[in-house]
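One structure is given here, and the rest of the page talks about it.
Any read-out appearing in this document is the output of simple, stated calculations on the displayed coordinates, not a laboratory observation. Not measured: the values here are computed from a predicted model. Note that each Cβ is placed from the backbone with ideal geometry, even for glycine, and that neighbours are counted across all protein chains shown.
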Amino acid sequence: DAAMYAAKRAGRGQYRVFTADMDTRAQDAELRRAVENDELVVHFQPVVDLSTGTMVTVEALVRWNHPARGLLMPGAFIEVAEETGAVIPLGEWVLRDACRQAAAWRAEYPAEADALWLSVNLSARQVVLASLVDTIRGILDETGFPADRLVLELTESVVLQPDEPTVARLNTLREMGIGISVDDFGTGFAALSYLRLLPVSVLKIDRSFVDGIDTDPDAYAVAEAVVRLAQAYRLHVVAEGIETAEQARCLAEMGCGYGQGYHFARPMPGPALASLLAERQSSPVLTKS
Ligand code: C2E
Ligand code: MG
Ligand code: MG
Ligand code: MG
């Protein structure tokens, strides 16, 4: 095929390009097999209300329990998955597994889990599929997880230039009661007009804006400006990557409603999250800001 032909034609000088391409194909095949063999694991990270510390949402984050290399983080495989399209079956697997686990929590801890949202990352590759709505509807039916407790996280790069069918699909999902969240908000500041075109309900301010707000007045000022901007769209605002109590305090002071980060809780396996719900029967808050 084209890549092999190019490598042959270029001779030895192109050896690295050749192997990189083979690596991508081998990784793609391995990842698709991993999805089929249930080698993926979903971890969950709480998002808390910054004024009370109450857990309001859990974000599903994929890991790959690789038979030889151990537990791999998305940074080790998601880029190749995006490139090859393996992120489509992967994303479907994550959505199904996360909904199944969260539906079980709702059954076991009705009082604690009733108001809890489940947030799942969607790739650009999934959002442009005409079958997206049917796939999601099918997974909700199959797992019994309610549409109005599901939030889909799209990165800014996905929503910057949505085509008409994508806007229509997102509107349909919104009408079903599903929330739409813009992940890594602020990293693609080229054009914010998309926010008036799309049925967005949540903005997640990228972790790069949280970094240093507790020590650097300039960083504080920029973060505050981003929070103000997000508020101007009258959307829920979540700050990502909160690592210190002081950062949490600063964000609460700026009027940022919600936060996520190692300061509150790291991503954890489903059973650990279930224990957290069980504990909430006695103590309703996570770590107070
Ligand atoms: P994201 O959606 O922006 O998720 C937040 C990432 O920040 C997670 O990394 C999380 O573990 C990390 N994080 C949370 N709090 C802190 C903190 O206080 N400090 C620092 N330094 N990091 C923090 P993770 O789990 O490695 O995921 C990385 C990215 O991979 C995600 O970024 C998301 O874009 C992507 N991803 C994860 N799961 C999926 C999935 O199921 N589907 C798709 N399409 N992408 C996924
Ligand atoms: Mg996310
Ligand atoms: Mg994010
Ligand atoms: Mg981010």
Report summary line: Under the Karplus relation with 6.51, -1.76 and 1.60 and θ = phi - 60°, whole-Hz ³J(HN,Hα) for region 117-134, x at Gly and Pro, equal 8, 10, 10, 10, 6, 10, 7, 3, 4, 7, 5, 7, 6, 5, 7, 3, 4, 5
Requested in this report: Please work out the Cα center distance from region 39-104 to region 204-268, rounded to the nearest Å.
Outcome: 22
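For the chain, what is the charge dipole size about the Cα centre, in debye to the nearest 20, if Lys and Arg each add +1 at the Cβ and Asp and Glu each add -1 at the Cβ?
Value, rounded to 20: 380 debye.
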Report summary line: Expected sort for 98-104, 200-206, 274-280 on mean C-beta neighbours within 10 Å, highest first, is 200-206, 98-104, 274-280
Report task. Pull out a ≥ b ≥ c, the square roots of the eigenvalues of the alpha-carbon gyration tensor of region 96-165, then state rounded if a/c is under 1.5, prolate if not and a/b is larger than b/c, and oblate in the remaining case. Result -> prolate
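Ranked by Cβ crowding within 10 angstrom, fewest neighbours first, how are 211, 134 ordered?
Values: 211 15, 134 10.
Ordered from fewest to most neighbouring Cβ atoms within 10 Å, 211, 134 come out as 134, 211.
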